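One structure is given below, represented as structure tokens, and several questions about it will come after.
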Amino acid sequence: MDNFKKTLSDASTFVSRAVQDVHIQEEASVVFNRAKQFTEEKLGKAERTDLDPHLVLLEQKTDNCKGYTEKIKNNAAAVLVPNPAARAESLFFDNVPVDKIGLKNERLTNLEYLGNDMIEAGNEFGVSTPYGAALVRVGQTQQRLGQIEKDYISSGNEGMIAPLQRFLDGEMKNIMRERKILENKRLDLDACKNKVRKARSMATQPQKEGVDPRAVLDQAENELRLCQAEFDRQAEITRLLMEGLSQTQTNHLRHLKEFVQAQVNYYSEAHTTMQELHRELSGLTPPSTSPLPQDLKLQRGQVLLDYDANGPDELSLLAHEVLNVYELDPESEDFLVAERGTKVGKIPRAYVKIIS
């Protein structure tokens, strides 16, 4: 009994393999015939069936849609993340849910790296100093800008880049696959047409032993009818899919608006953040090092002649140099106060021409 079951099993396996071999041989024959037909068409030795002009126009529009969608998607990704390596990493983590891969994108932006270094330096220099306090505050702003940038990248990717990629991987890929099938059906159709022409030529020649030209022609014409029906059916499927592409523009317009909104939010938040920083830094101006009272009226004066100071309270002058000058308090008919860098002293009024 066991031997019988084993024999049946072996027989079943043999039949299955034989059927697979037949299918492989048939597929190989089809591929060979298509390659032969394609080569002969390229060499001008075989005729080819022209597609309907409307179908040709749809193919051109489809190719344009595919090409420009890919360009827009790639260039938008480059705008969000200019660095190619960082772009690949960021977009990967943005597209894959964290709970699906068990990972989280912890990569810092350049702004965050800068912010961290500024805060560390500010703490080292001392937050009680104007420079140290400014460094810490600017560093905090850089960190904030880095987070705003991350939100922008995520929103831009989710709003436009990811949907366009899904369109290319889904609907567009399906259309291109159906177009490839249509091309194969056309090659099969033209191969059948060529076979019918040869069969008709044989029918006019003397009959060979064991070969019925009429039967060969009938078989070729029957194959041609089947190929024509399959070609027409595939052409209709492909046409409907390509005509449907016009409706996708509504979705793509929505994606474009979402991308623009992401940019609006990004630049608005960044501008507001920087304006706040600018106002705060204005209050961190270091104290003046000038020994002069701050309420004196500043003027600019050009020296007319060289002058050597006559005492420690005076300032020597060089012809043609320009200095900040002030009136003495109380005012003097003979002298002004001049300031050159950190040096301050009296100068003769006659040696200076006020220019502003």
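If I stretch the segment between Arg200 and Lys71 completely, what's the gain in nm (0.36 nm per residue apart, minus their alpha carbon distance), one decimal? Please list the in-between numbers first.
On the way: separation 129, 0.36 × 129 = 46.44 nm, distance 5.11 nm.
Length difference between fully extended and current span is 41.3 nm.
Follow-up question, since we're still on this one. What's the FRET efficiency of Thr129 with His278 using the Cβ-Cβ distance as r and R₀ = 22 Å, to the nearest 0.05? Before the final figure, lay out the partial values.
Working: r = 20 Å, r/R0 = 0.91.
Calculated value: 0.65.
Same structure again: Over 25 Å between Cα atoms: which of Lys61/Lys150; Lys71/Lys150; Lys173/Lys195; Lys71/Lys185 fall into that group?
Values: Lys61/Lys150 36 Å; Lys71/Lys150 23 Å; Lys173/Lys195 33 Å; Lys71/Lys185 31 Å.
Table pairs above 25 Å Cα-Cα are Lys61/Lys150; Lys173/Lys195; Lys71/Lys185.
Next question. I need the calculated FRET efficiency for the pair Glu47 and Glu221, taking r as the beta carbon distance and R₀ as 25 Å, to the nearest 0.05.
Working: r = 17 Å, r/R0 = 0.68.
Using R0 = 25 Å, I get an efficiency of 0.90.
Take every Cα-Cα pair in segment 299-354 and report what % of them are more than 13 Å apart. Spell out each step's value before the answer.
Details: 805 of 1540 pairs.
Result for the distance tail: 52 percent.
Then there's this: Rounded to two decimal places and with Rh computed the Kirkwood way over Cα pairs, what is Rg over Rh for segment 30-282?
Across segment 30-282, the Cα-based Rg/Rh ratio is 1.31.
A further question follows. For a label point 7 angstrom out from the Cα of Glu314 toward its Cβ, which stretches of segment 326-348 have the backbone nitrogen within less than 12 Å?
Correct set: 335-336, 346-348.
Gain in length, Arg214 to Lys297, computed as 0.36 nm per residue apart minus the alpha-carbon separation, to one decimal in nm?
18.1 nm
Would you kindly state how much longer the chain becomes between Ala35 and Asp329 on full extension, computed as 0.36 nm times their sequence separation minus their alpha carbon distance, in nm to one decimal?
Values: separation 294, 0.36 × 294 = 105.84 nm, distance 10.32 nm.
So the chain would gain 95.5 nm between Ala35 and Asp329.
A further question on this structure: Calculate the FRET efficiency for Glu183 and Tyr113 from the Cβ-Cβ distance with a Förster distance of 45 Å, rounded to the nearest 0.05.
Numbers: r = 52 Å, r/R0 = 1.15.
Step by step, r from the Cβ atoms, then E = 0.30.
Each reported figure results from applying straightforward, stated rules to the coordinates on display, with no laboratory input. Everything quoted here is computed from the prediction, not taken from an experiment. Cβ sites come from the backbone with ideal geometry, for glycine too, and all protein chains shown count toward neighbours.
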